[in-house]
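Read the structure below first, then the notes.
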Amino acid sequence: MSTIGNIFQQTNPYEKFVQQLVQLESQTKVRYEIQKGIQNEKKTAIGAVSSAISKFVSSIEELQDPINKPFHPLSAISSNKDTVTVDPVSTLKRPATFGITIDRLASNDIMLSQIMSGSSTNLADLGDGTIDITIGDKTESISVLATYEDDDGITQQKTNSQILEDFSKSIDDLFGDEARANRFIVSGDDVQFSIQSLETGFDNRIQFSGATGFLSDVTANSSRVTPEAELNALFTIDGVNFERGQNQIDDAVEGLSFTLKNATGEKEELAVNRDLKKARSNVDGFISAFNEMNRTIRDRTFIDTEADRRGPLQDNRSIRNLTLGLRQTGLLAVDGVNEGEASRLSEIGISFKNDGTMFVEDSDLLTEMLTERPDEVARLFTDENSAVSLMRDEADAFINSENGILSTIENGFDQKIERLDNKIAAQERFLTRFEQEQRERFNQLQAIIDQGDAQFAQIMNFRNSLGF
């Protein structure tokens, strides 16, 4: 016969009932978590919108920086890149063409000793060597011993090869950035010492002084690969003669940097021209930044009633209306413009579509304006009363770090998330207590059942003893 306890154990409702009760009581926490997820989604959307607006504002600020000359960009080319190359133009003010003739390149100073027998000790016979070396504005004193002690403690003379090797190492240690020295094995037993300045030009030439001992002999009999007087570069620009200690030139023509590559003595040209491709790219970059911002905002504020879909920021009217407001501002004219001059973006070929997208409606007109009337184009982007400047101010009001609209909205989301976190934590504490209480109640119920089961067993035993 089954007892009451057996029946309870067979159905085993204890843990299942507890979990079901806890799950029922968890609905409030689930609602809070869903609400928190919505707020986090909105906060993420605000971050994407803020980033897109910042890029748009930055694109305008770059166009308005006079150093950039975005509507008057210049590019430079050389008629012969094997002879002279031109660096990107930075501060040149206007197009120009320069004739350049390179007669001599700047050279590194190289000094070579005489070739001598490496195994001979004739240098050591002259005694320890000392010398002062000057390269550029640096002077160092060097001392090199002519002898050494062998493993038995006996003083031995160094070979010529050893002396030149030690001299080279001393120079490398003291002039690591200014010079390089080597002892070369020319052929067989013959060796030769070489020292080379690492910077070109007469001012960086190698100078020896105060030599004693064997170094007096080594340096006195050294020869230069290039005469001192010919270490500097010589070139002519438009009839003006220049002499420079380096081949990278940035101080001959203001705003123009170039590198001398080959001394041909032939006239070449350095041409600085208007870069219309770059100017158009600057305008296209502004349009692209606006459209990215417009797309980002529309993707997060859309309302599709037919499909019952909405963007996470669809209830933020101020964000949803930003691109509409910017488009209306973009149609405004600049005040104080002379008759016949461009006063609106539409007058240089830029317009808007119904969905707020900015585009170049008349590419030929824009090219013509950038080519023939770049100052008018620049005014539409840089004048403080221009539509573009007003668009910048409107957009910046949303992302201003101190009191920007997006910052205020995001702070609201943070506060809601914090309150929801507190409510979720409170619900978790409640559920922990609730689960514990339910287990205690079922434990009490189990104890009652166990007691009833015991009493039932006693009664059945008593009946059996009576023969029933």
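The values are calculated or read from the model by the stated rules, or taken from the named source; none is laboratory data. What you see is a predicted model, and the numbers here were worked out from it, not measured in a lab. These area figures cover heavy atoms from the full protein model, side chains too; ligands, DNA and RNA do not enter into them. Shrake-Rupley method; radii C 1.70, N 1.55, O 1.52, S 1.80 Å.
State in Å² the accessible area per residue of the chain; use a 1.4 Å probe, count heavy atoms of protein chains only, and round to the nearest integer. Show your work: numbers first, answer last.
On the way: 26110 Å² over 468 residues.
On a per-residue basis, the chain sits at 56 Å².
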Please report, as a whole percent, how much of the solvent-accessible surface of the range 102-204 comes from carbon and sulfur atoms (probe radius 1.4 Å).
42
If amide H atoms are modeled at 1.01 Å from N in the peptide plane, then the residues at a separation of 5 or more from residue 226, or on another chain, having amide H under 5 Å from its own are 110
Report P(r) for the chain: all Cα-Cα distances, bin width 10 Å, range 0 to the bin holding the largest distance, values in whole percent.
4, 12, 12, 10, 10, 10, 10, 10, 9, 5, 4, 2, 1, 0, 0
Listed residues 324, 331, 74 arranged by accessible area, highest first, probe 1.4 Å:
331, 324, 74
Give me the percent of accessible area attributable to carbon and sulfur for the range 388-468, probe 1.4 angstrom.
50
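Give the relative contact order (percent, whole number) for the chain; include only Cα pairs under 8 Å separated by 6+ residues.
On the way: 758 pairs, mean separation 106.8, N = 468.
Worked out over the chain, it gives 23 percent.
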Residues whose built amide H sits under 5 Å from the amide H of residue 87, excluding neighbours closer than 5 in sequence, are 257, 258, 259
Report, by chain and number, residues whose modeled amide H sits under 5 Å from the one on residue 104, excluding near sequence neighbours (fewer than 5 apart, same chain).
234
Three-way shape call for the range 37-128 based on the alpha-carbon gyration tensor, with the a/c threshold at 1.5:
oblate
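With the full set of protein chains in place, find how many percent of the accessible area of the range 20-63 is carbon and sulfur; take the probe as 1.4 Å. Mind showing how you got there, number by number?
Values: 1150 of 2360 Å².
So the carbon and sulfur contribution to the accessible surface is 49 percent.
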